[in-house]
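Read the structure below first, then the notes.
The values are calculated or read from the model by the stated rules, or taken from the named source; none is laboratory data. Owing to the predicted nature of the structure, the values given are computational and were not obtained by experimental measurement. Methodologically, a virtual Cβ is constructed for each residue, glycine included, from the backbone with ideal geometry; neighbour enumeration extends over all protein chains shown. Surface accessibility is based on the protein's heavy atoms, side chains included, excluding ligands, DNA and RNA. Shrake-Rupley method; radii C 1.70, N 1.55, O 1.52, S 1.80 Å.
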Amino acid sequence: MYKHLTVVKHPLVQHKLTLMRQKDTSTAVFRQLLREISQLLAYEITRELEMTTRRIETPLCEMDAPVLAGKKLALVSILRAGNGLLDGVLELIPSARVGFVGLYRDEETLQPVQYYFKVPDGLEGRVVIVVDPMLATGNSSAAAVDLLKQAGANNIRFLCLLAAPEGVARMEEAHPDVPIITAAVDECLNDHGYIVPGLGDAGDRMFGTK
Ligand code: URA
C-alpha cells in the first residue's frame with residue numbers, strides 16, 4: 001500500500017511495543033523499552049548502508065574487511081520526544097553526528113511551529129536518520145524534513161515507533177524520497193491528533209511529565 005514504508009514485525013519489537021502501550025507501564029520501564037526498540041529499529045534502517053573494504057591485519061594475516069562507506073551518519077532528533085529514540089540509536093552508531101529540530105504542535109491548528117534548529121555541517125551526502133517516536137499528522141515530520149533538505153540533506157530516512165495512516169500518507173506526499181521505518185501503523189488519529197490505539201503522549205510517558 002505505502003511505497004516506502006517498512007513495518008518491523010520482529011517478535012521482540014512487537015512484544016516490547018505492547019508493553020509500552022499499556023497505560024500502567026512506568027516511566028522508567030517505558031524509557032528502557034524505547035531504548036531497546038530503537039536499537040532494533042535502527043538495525044533495520046541501516047540494513048542498506050553502503051559498504052567498502054579496508055585493508056586490515058588480523059593476528060594471522062592481512063585481509064580486506066568490510067566497513068561502512070562514506071561520511072559519518074547524521075541522526076536528527078525532533079524535540080523533545082525524538083530524544084527517547086536518539087539515545088539508543090546513538091549507542092549503536094556512536095560516531096554519528098547529531099542534530100536537533102525543535103518543533104511544537106499548535107494544539108488548535110495542529111501545525112508545527114519551529115523554535116530550534118541545529119544540525120551538523122555537510123549534510124549533503126550523509127545518510128540522515130530523523131527520529132521521532134510518533135508519526136501522527138505528519139505535519140511536524142514533513143516540516144522537519146523540509147528544513148533538513150533546505151540545509152542540504154539529500155539522503156534522509158525517517159525512524160518512528162508508531163505511525164498513523166494519515167501521517168504516513170502526509171510524508172509520502174510531501175517527501176516520497178524518504179523511507180519510513182516503524183514498529184506499527186495504528187488505526188487512525190483522534191480529534192486531538194493522537195494516534196489510536198497508540199500509547200498516549202510519548203514525551204509525557206518517557207519524561208514523566210503527566
Ligand atoms: N504525539 C504523541 O506523543 N502521541 C500521539 O499519539 C500523537 C502525537
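Worth a mention:
- Here is the figure for region 61-85: residues that are open to solvent by 20 Å² or more (accessible area, probe 1.4 Å) and within 14 Å of the ligand (Cβ to nearest atom) total 3.
- Residue within region 103-123 that is free of Cβ contacts under 8 Å to residues at least 12 places away in the same chain and within 25 Å of Glu44 (Cα to Cα) present: no
- Scope region 165-210; condition on the phi > 0 side of the Ramachandran plot and either among the charged types (D, E, K, R) or within 8 Å of the ligand (Cβ to nearest atom) (or both); matching residues: Gly193, Gly198, Gly200
Listed here are the residues, each with its yes/no results for (1) over 24 Å from Lys149 (Cα atoms); (2) crowded, with 19+ Cβ neighbours inside 10 Å; (3) among the small types (Gly, Ala, Ser).
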{"site": "Val7", "(1), (2), (3)": "yes, no, no"}
{"site": "Met20", "(1), (2), (3)": "yes, yes, no"}
{"site": "Leu49", "(1), (2), (3)": "no, no, no"}
{"site": "Gly88", "(1), (2), (3)": "yes, yes, yes"}
{"site": "Glu107", "(1), (2), (3)": "yes, no, no"}
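- Whichever residue in region 22-47 is assigned to a helix (DSSP H, G or I) and more than 30 Å from Lys210 (Cβ to Cβ) and, among such residues, is least open to solvent (accessible area, probe 1.4 Å): Glu44
- Yes/no for Ile156 being touching a Ser or Thr at 6+ places or on another chain (Cβ under 7 Å), away from the ligand (no atom under 14 Å from the Cβ) and touching a residue at least 12 places away in the same chain (Cβ under 8 Å): no
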